[in-house]
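First up is the structure itself, then whatever we jot down about it.
The values are calculated or read from the model by the stated rules, or taken from the named source; none is laboratory data. Note that the coordinates shown come from a computational prediction; the quantities given were computed from them, not determined experimentally. Please note: Cβ atoms are built from the backbone with ideal geometry, for glycine as well, and neighbour counts cover all protein chains shown. Quick note on the areas: whole protein, heavy atoms, side chains included, nothing else; ligands and nucleic acids left out. Shrake-Rupley method; radii C 1.70, N 1.55, O 1.52, S 1.80 Å.
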Amino acid sequence: MLAETVCSAVSAAGLGIAAVTAYRKRFLTAVRIAAYSLIPVGLVMTGAVGWLARTAFSPLAWAGFGVLGASWALFALTRAVERRRGTRAERAATGDGRATPVSPAASAPALGRNADRGSGPAAAPSAPAKSSSDDFSDIEAILKKHGI
């Protein structure tokens, strides 16, 4: 009974504030305040306030909220573990779900100091060396194309 009285008083105060706001020619704000102020009365009329009062003082309801919280925590934990491991599609692409080890040759630099000598496992067949005039002719062609 007290909750209904408080909700009615809050709604009446909100409607009063909305009327003053409308008097000041701020109609959009006044309508928004009126909408917010009618919510407590609507909750009382639908019975939601009584349900909330019964739920707030019920140990069984609080145990239910605890179970819902534990469920949410388990979902969050499994999602975090899944992100750390990768998606299901990524695990399916690798086979058994384990990450494949990287071979030592895959981490060798492609253009290192030894690339010209061909002494490493990542050495590729080298192309014939260009003379410096070939390099400048390419640059000159690009500059001419842009009108420089």
SASA check, THR78, accessible area w/ 1.4 Å probe, all protein chains in place, rounded to nearest 10 Å², comes out at 80 Å²
So the compactness index of region 1-45, its C-alpha Rg divided by 2.2 N^0.38 Å, takes the value 1.19
Yeah, region 1-83 with a ≥ b ≥ c from its alpha-carbon gyration tensor (a/c under 1.5 is rounded, else prolate when a/b outruns b/c, oblate otherwise) is oblate
In region 7-77, the chymotrypsin sites (Phe, Trp or Tyr not before Pro) that sit in a DSSP loop and have at most 16 other Cβ atoms within 10 Å of their own Cβ are PHE57
